[in-house]
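So the structure is just underneath, and the comments pick up after that.
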Amino acid sequence: MPRSQPVRRYRTIWISDVHLGTKACKADLLLDFLKHSECEVLYLVGDIVDGWRLKKAWYWPQSHNDVIQKLLNKARRGTKVYYLPGNHDEIGREFIGHRLGEVEILDHAVHTTADGRRLLVVHGDQFDVVVNHARWLAHIGDMAYATLLAINTGLNTCRRRLGFTYWSLSAYVKNRTKKAVEYIGRFETALADEARRHKVDGVVCGHIHTAEIKTIGGLIYCNDGDWVESCTALVEHMSGELEILHWADRTAGSTTAISGKREAA
């Protein structure tokens, strides 16, 4: 088991695509991340709960309830928590403008970093043609993805027993399928264009489960990833620098608990 980690303090944390209510959700890893991370502002960037899956079959272990309680406790202790519902938890969009305890529910937000950059924060499904215009196809894709994740879980159980590190089969397939790569590229460009329309410096989103920090047409594009395969979060350091944290590295016995992709200097 990895050694105990110190609590790391950030100015801002973004997480999305947790998919509580599914067997693929890495709730224990997320709880560990939340336990060892503190911040002034926490954005929940959609698909925190998977309503699509829960409609088909109820699955809600104690660890999933613990995640909700941990998030609410952070809000009660003074962290500003904003929840931006996604397509899998779209029922939350009926409550935009309201509060869940100390958690404010928003459609989108504009975040200002410590170094003065303004970032649009949005889940991102609004810019997904399949989700918006072919929901039946989106559900078929969701089922195929769930199957890959189930295979991925069994594969990584075997890898741990053999002493190997975590490896994502679904990410491997996605990154090597031409259509998937093209889809991701179009999605990223659409989000960058939306940031330009809002006259901000960049965008933070989720939805496609692909953690990334890059520059597109002079704008910052950040995707905070997910907690079903890559187990990533986007963080803002006190200086305003942005970084992606890969918490699944703990399964390899990491003593630092993070491996990050930072902004290019």
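Answer yes if at least one residue in the range 105-125 is touching a residue at least 24 places away in the same chain (Cβ under 8 Å) and assigned to a helix (DSSP H, G or I), and no otherwise. Yes, the range 105-125 has at least one match. Of the residues making up the range 194-229, those that are among the small types (Gly, Ala, Ser) and in contact (Cβ under 8 Å) with a residue 60 or more places away in the chain are ALA195, GLY202, GLY206, GLY225. State whether one or more residues within the range 20-40 are surrounded by 16 or more Cβ atoms within 10 Å (Cβ to Cβ), under 17 Å from VAL81 (Cα atoms) and of a type in the set (Val, Ile, Thr). No, every residue in the range 20-40 fails to be surrounded by 16 or more Cβ atoms within 10 Å (Cβ to Cβ), under 17 Å from VAL81 (Cα atoms) and of a type in the set (Val, Ile, Thr). Residues that are of a type in the set (A, V, I, L, M, F, W, C) and farther than 20 Å from ALA248 by Cα number at least 1 in the following strands (runs of 3 or more DSSP E) confined to the range 4-89: 37-44, 80-83. Given the criteria within 19 Å of HIS111 (Cα to Cα) and in contact with a Ser or Thr (Cβ under 9 Å, 6 or more places away or on another chain), does CYS25 qualify? In short, no. Taking the criterion of being out of contact with any Asp or Glu (no Cβ under 9 Å at 6 or more places or on another chain) and either crowded, with 22+ Cβ neighbours inside 10 Å or not small (Gly, Ala, Ser) (or both), the residues of the range 41-58 that qualify are LEU42, LEU44, LEU54, LYS55, LYS56, TRP58. When the range 119-146 is filtered for residues that are at pLDDT 90 or above and over 17 Å from LYS80 (Cβ atoms), the ones remaining, listed by number, are LEU120, VAL122, HIS123, GLY124, ASP125.
Which residues, taken from the range 217-252, are buried (at least 19 other Cβ atoms within 10 Å of the Cβ) and among the β-branched types (Val, Ile, Thr)? Within the range 217-252, ILE220, VAL228, THR232, VAL235, ILE244 qualify.
Cβ-Cβ contacts under 8 Å between residues 6 or more apart (or on different chains), taken from a first residue in the range 6-24 that is without any contact (Cβ under 8 Å) to a residue 12 or more places away in the chain to a second residue that is assigned to a loop (DSSP other than H, G, I, E, B) and of a type in the set (D, E, K, R), are absent.
The values are calculated or read from the model by the stated rules, or taken from the named source; none is laboratory data. Remember, predicted model here, so these are calculated numbers, not experimental data. FYI the Cβ positions are ideal-geometry reconstructions off the backbone, even for glycines, and counts take in every protein chain you see.
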